[in-house]
Amino acid sequence: MGAEAAKAAKPRLTPSEFQVLAQYLYEVSGIHLDPGKAYLVETRLGHMLEELGCASYSEFLYRLKQDRSKSLVHRFVDAMTTNETLFFRDTGPFDLLRYKLLPDLIDRKTSGAVGGLRPTIRIWSAACSFGQEVYSVAIVCHEVLQHAPGVSVKILGTDISSAAVGRASAGKYSAFEVERGLPPGIRDRYFQKVGHSTWKISDEIRALCQFKKLNLLEPFGFLGRFDIILCRNVAIYFKPEDRKDLYERMADSLEPWGALLIGASEFLTGVTQRFTARRHLRHVYYVRTDS
Ligand SMILES: C[S@@+](CC[C@H](N)C(=O)[O-])C[C@H]1O[C@@H](n2cnc3c(N)ncnc32)[C@H](O)[C@@H]1O
């Protein structure tokens, strides 16, 4: 069937095609699709099939597996990931950072500081989507560290989606995106308006952040140790065994005093014993059980 005919009749995903596609998505991203999610695949991939002139999902799968450059695989993963995010999402983690985790870290890093060496706080946003989480963390760090000039911070944002990492790194947001979660005072202080309705993160905040493409199911020990890891609203898409493995590898990537922050609807109880829950200001964070 040619491109015109494919456009006319939208391909439907058969149950066996769904199985193969879901297995392929799992292999390349760890994202687990429940059997009832065929509609999600059709909604998210429909346009791509149309654009590629694929008459069926089997043809699309064939093209995916033949794609030596991996550019189609990246587009497939980008389309299948849920990038929903916003600035200061859930607020609690950012209060924790401002009033508990950063002050404690500053005390720890400055009390044993060796003359001449400027201690650095390392923070990782492990599935940063379009970067709102990273810049929210960076704004809080910038404000808190103004009172601790001897300490610096580096924030790493990673995501499996190349498109998301590209957007995060550019630090540009629509008026709608900055209105979601950003109080106007913060927006005006840390963003510049560029063009008609785009806001760009300020250079002083951008300079604290780095971005990298990274699949959390692959090894990440090479990133080194972090004082704080945010792993929010991503492990929900993984199978229970992959979720457990991910959190346990994150325990290894945390400093012994480090803290893990997870999403508001996520939990570690019964998932792994490598973390112990701590509570501050009604918000929960996790420390390594051996700390
Ligand atoms: C819902 S967003 C969460 C963004 C942010 N952490 C928050 O809570 O607002 C989930 C992100 O996880 C990313 N993701 C999904 N599977 C991943 C994987 N295997 N490795 C790394 N990132 C992944 C997606 O691309 C998406 O940007």
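Each value in this text was obtained by applying a stated rule to the coordinates, not by laboratory testing. Here the structure is a predicted model, which is why all the values come from computation and not from measurement. So basically every Cβ, Gly included, is an ideal-geometry build from the backbone, and we count neighbours across all protein chains shown.
Observations
- Loop-resident sites, region 19-101, for trypsin sites (Lys or Arg not before Pro), counting at most 13 other Cβ within 10 Å (DSSP): ARG68, LYS70
- Dipole size of the chain about its Cα centre, with +1 on Lys/Arg Cβ and -1 on Asp/Glu Cβ: approximately 480 debye, rounded to the nearest 20.
- Distant-in-sequence amide H partners of LEU254 (H built 1.01 Å from N, under 5 Å): PHE226
- Cβ-Cβ FRET estimate between GLU248 and SER69, R0 fixed at 41 Å, reported to 0.05: 0.75
- When each of the peptides 181-188, 254-261 is scored by how many other beta carbons lie within 10 Å of its residues on average, the order from highest to lowest is 254-261, 181-188.
- Rounded to the nearest 500, the 222 nm mean residue ellipticity of the chain from helices alone is -12000 deg cm²/dmol, with -39,500 (n - 2.57) taken per DSSP H run of at least 4 residues.
- Taking the DSSP bridge list for the chain and keeping only pairs wholly inside it, about 45 percent are antiparallel.
- For PHE211, the residues whose modelled amide H falls within less than 5 Å of its own, excluding neighbours fewer than 5 places apart on the same chain, are GLY157.
- In this structure, the amide hydrogen of HIS280, modeled 1.01 Å from its nitrogen in the peptide plane, lies closer than 5 angstrom to those of TYR285, counting only residues at least 5 positions away or on a different chain.
- Length gained when the stretch ASP203-ASP34 is fully extended (0.36 nm per residue, less Cα-Cα span): 56.6 nm
- A Cβ-based charge dipole, computed about the Cα centre of region 154-236 with Lys and Arg at +1 and Asp and Glu at -1, lands at about 100 debye.
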